[in-house]
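The values are calculated or read from the model by the stated rules, or taken from the named source; none is laboratory data. All of these numbers come straight from a predicted model, not from anything done at the bench. Every residue, glycine among them, receives a Cβ derived from its backbone with ideal geometry; neighbour counts consider all protein chains shown. Side chains are part of the model used for accessible areas, which takes the heavy atoms of the whole protein and leaves out ligands, DNA and RNA. Shrake-Rupley method; radii C 1.70, N 1.55, O 1.52, S 1.80 Å.
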Amino acid sequence: MGNRGMEDLIPLVNKLQDAFSGIGQSCNLDLPQIAVVGGQSAGKSSVLENFVGRDFLPRGSGIVTRRPLVLQLISANAEWAEFLHCKGKKFTDFDEVRQEIEAETDRITGANKGISPVPINLRVYSPHVLNLTLIDLPGITKVPVGDQPADIEQQIRDMIMQFICRESCLILAVTPANSDLANSDALKLAKDVDPQGQRTIGVITKLDLMDEGTDAREVLENKLLPLRRGYIGVVNRSQKDIDGKKDIKMAMAAERKFFLTHPAYRHMAEKMGTPCLQKVLNQQLTNHIRDTLPAFRSKLQTQLLSLDKEAEEYRGYRPDDPGRKTKQLLQMVQQFSVDFEKRIEGSGDQVDTVELSGGAKINRIFHERFPFELVKMECDDKEMRREISYAIKNIHGIRTGLFTPDMAFEAIVKKQIVKIKEPCIKCVDMVIQELINTVRQCTNKLDCFPRLREETERIVTSHIRDRESRSKDQVLLLIDVQLSYINTNHEDFIGFANAQQSSKQSNKQSSAASQVIRKGWLTINNISIIKGGAKEYWFVLTAESLSWFKDDEEKEKKYMLPLDNLKVRDVEKGFMSSKHAFAIFNTEQRNVYKDNRFLELACDTQEEVDSWRASLLRAGVYPERSSNVNCEKTSGGMSCGDNFSMDPQLERKVETIRNLVDSYMAIVNKCIRDLMPKTIMHLMISNVKDFINAELLAQLYSAGDQGALMDESQEQVQRRDEVLRTHQSLKEALAIIGDISTTTISTPMPPPVNDWRSGGGNRSPPTSPTGSRRMSSGQRPSPGGGRGAPPPPNRPGPLGPFNNSADSPQVPSRPNRAPPSIPR
């Protein structure tokens, strides 16, 4: 390879790659692309080849590069090339690579000078290159020839702009020395995408083909149309040299001799030539690598800090040490106990804002789910009256009773109390399930010791199941206690003696009727269909009404719905709906809202639906009950569905017992709702906490060998090894980055240059009779005179401002006729 600078960078990049591969990450340096831009036959392909150090691109007169060539250099142990359109085929002879480029170009564009924006993708694998992308672009032309389209110039410009507009692309603006620099299309395009000149390098080719007595000294000294990064002159191989198999190494030697012997360039020979261009580009790659190092260093230091504590714990770790196992077992059990208690009792540190914890869910079971289940078990009013009527008639038998029988009241009350058993047992089951879920969540921290986690879950779950039977027995005992004695002398029971007290309580309830029970957002699904379907409103529930507003400021009330004769029923979730819904309807078949017989309300989750139903329950809006009455014919031939008439005396008796049953069941429900949480808390939750604190460790010791309990999982062993290895690799990577920072030098960006037309000490180059500027000779006439005078300020040049300098004096020289263009 001919690029020694690139080869010097390879070990540096390899160090970075090795440092990052040691921690299982990729070192994404994202080195910049390098694109060559210029006119037709300006020597772009030769400049690109000189940078790579390989002879592999097509040559000839006219437009040779007719498709963009995207050349990807990839570091590898061997040297070969492959095309994207020839996957799997390796080219080891670079003459064949050139032939394939020509053939692939003709396949798309034809053999008659046609062009195409479809790029040719070539990958060159070599141990002598960096991972770079080089782009050889078609030369800018103005007049179509052959099969070229009429807008050939615009098409090529668009093709070039597609690549050079990227901020990561270095632009080599190639201009032949025997052409007018002021009309350079390459500089014009570079100025459009890089107005600050930060990534543009001027390259002057064909210096050896200038007329005798002329030179490009002022251009190369950056006095004529100065660039921020200046110009570099190169001498490429001629077509005769290429045909004569003159290799790149010999061409560089000839180029070196040219600059050392030429009288106009010998004083700056060290800044000219292909090696200098390689050095400048390679320095840009070095600068890019150094610019990425702070981000790499910060990233690695963050990772190192996050692993320091864990690595310190693992350093000197002995998995088979009995003392360590005993100590860690005690710590694990203690941590499990603390976590369990925090999840049940609540904690201010590390509050979960995503989902409810075990204690919060159990609280919800106690105060929302359980009361709701109790109400669901209440008997329908019509069914209740029928049962009371049958009870009264069956008690009197063949006789007609004069008084309301106490036995009917007691029979109906006991039947209602027995129904409470089902929701009470269901409440215990729900609490047990939440306790087991909480135990599993707390044992997640024991994953590194699978046997310990398994035994802990088994022991605690077994204890919970043991307490389950005792809790259910106690709950059933509470129901049996209520069944054993019907206390009609209870202070809250409605009776003649307590009528006055009941009246006072009803007055208190009426005064509290306006108290707000709940507020929140709900979606109404079955109104405003024409106006856009479902809509969300702010709802306010009180003991008397359900109102909804436009928003939570509660300024614009949409409607107020009285709660009289309202009930709640379930609504199936729609196929396309993501929300959960329930409906409110009137038991007397009246419209609830405008022309709607029911109001369908929706929430985001089922938990919100249950919560709203519980709130409506508190306001006296009960759920709808399905009729499950056995329609058996009685001895008198009357079925459950028959309408029967009652005499006024029987109606009064039924109403009396109905009111007494409602009153007494309210007392029983209130007592059960108070005792259930206390019973479950005492017999189950508090007992489980005490068991974990006092007996879990002993149970674990008695379960078997504690050493086996503390055997690590394979994942934990791998985790410990990975943490230690990654920690060491991170420190090595940081050391490598430190070495690179101290062993490489970053070249600062040259200062900006001023407009080459701004005056300020710079003089305009001489003009030919046709007004065009050309490369000047070494002769320097006195400043002044008509030919050397600057043009008027209102006369724009072909390039406009392009960061040109006003610091260096520019002395015009006599114009020279440019020789005709010689194909490269």
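Residues of the stretch 516-623: accessible area per residue at 1.4 Å, in Å²? Can you show the working numbers first?
Values: 6160 Å² over 108 residues.
Roughly 57 Å² per residue, with all protein chains present.
Please arrange T302, T214 by accessible surface area, largest first, computed with a 1.4 Å probe and ligands excluded.
I get T302, T214, largest accessible area first.
Counting only residues 5 or more places away or on other chains, whose amide H sits under 5 Å from the amide H of T542 once H atoms are built in the peptide plane?
I517, S547
Could you give each residue of the stretch 421-436 its phi-based ³J(HN,Hα) in whole Hz, using Karplus coefficients 6.51, -1.76, 1.60 with θ = phi - 60°, and x for Gly or Pro?
4, 4, x, 5, 5, 5, 4, 4, 4, 5, 5, 4, 5, 5, 5, 5
Would you calculate the separation in nanometres between label points at L476 and S462, each defined as 7 Å from the Cα along the Cα-to-beta-carbon direction?
Once both label points are built, they end up 2.4 nm from each other.
How much FRET efficiency would the formula 1/(1 + (r/R0)^6) give for Q283 and K309, where r is the Cβ-Cβ distance and R0 is 41 Å, rounded to 0.05?
After rounding to 0.05, the efficiency reads 0.45.
List the trypsin sites (Lys or Arg not before Pro) within the stretch 222-267 that DSSP assigns to loop and that have no more than 11 neighbouring Cβ atoms inside 10 Å.
K245
Given the Cα-Cα distance of N77 and M681 and 0.36 nm per residue of separation, how much length would full extension add, in nm?
On the way: separation 604, 0.36 × 604 = 217.44 nm, distance 7.19 nm.
Gain in length upon complete extension: 210.2 nm.
Treating only the Cβ atoms of Lys and Arg (+1) and Asp and Glu (-1) as charged, compute the dipole magnitude of the stretch 516-623 about its Cα centre; round to the nearest 20 debye. Walk me through the numbers on the way to the answer.
Details: 17 positive and 17 negative charges, 54 e Å.
In total the dipole reaches around 260 debye.
So which lysines pass the test for K245, namely a Cα distance under 22 Å, with those fewer than 8 places away in the same chain ruled out?
K44, K206, K257
Between N131 and residues 5 or more places away or on another chain, which pairs have amide H atoms under 5 Å apart, with H built 1.01 Å from N, and which residues are they?
S75
Kindly identify the stretch 45-148 as rounded, prolate or oblate by the Cα gyration tensor criterion: order the square roots of the eigenvalues as a ≥ b ≥ c, call it rounded if a/c is under 1.5, otherwise compare a/b with b/c, prolate if a/b is larger, else oblate.
Working: a/c = 2.26, a/b = 1.75, b/c = 1.29.
Note, shape of the stretch 45-148 comes out prolate.
Once you put a point 7 Å from the Cα of Q301 and another 7 Å from the Cα of A666, both along the Cβ direction, what distance in nm separates them?
In this crude label model, Q301 to A666 measures out at 7.2 nm.
Say R0 is 22 Å: what FRET efficiency, to the nearest 0.05, do I517 and E608 get from their beta-carbon distance?
Rounded to the nearest 0.05, the efficiency is 0.90.
Gap in Å between the Cα centre of the stretch 558-626 and the Cα centre of the stretch 111-164?
70 Å
To the nearest 0.05, how large is the calculated FRET efficiency for K246 and H85 if R₀ is 25 Å and r is the Cβ-Cβ distance?
Here the calculated transfer efficiency is 0.25.
How many nm is it between the label spots at I486 and I108, if each spot is 7 Å from the Cα in line with the beta carbon?
Modelled inter-label distance: 9.6 nm.
Heavy atoms only, 1.4 Å probe, whole protein assembly: order C671, C165 by accessible area, highest first.
Reading off the accessible areas and sorting them downward yields C165, C671.
Which of the pairs K376/K557; K361/K519; K567/K670 have their Cα atoms more than 26 Å apart in this structure?
Beyond 26 Å between Cα atoms: K376/K557.
What's the ranking of 84-90, 517-523 by average number of surrounding C-beta atoms within 10 Å, highest first?
Numbers: 84-90: 10.4, 517-523: 16.0.
Per-residue Cβ counts within 10 Å, averaged per peptide and sorted highest first, yield 517-523, 84-90.
What's the carbon and sulfur percent of the stretch 516-623's accessible surface, probe 1.4 angstrom, rounded to a whole number?
That share works out to 45 percent.
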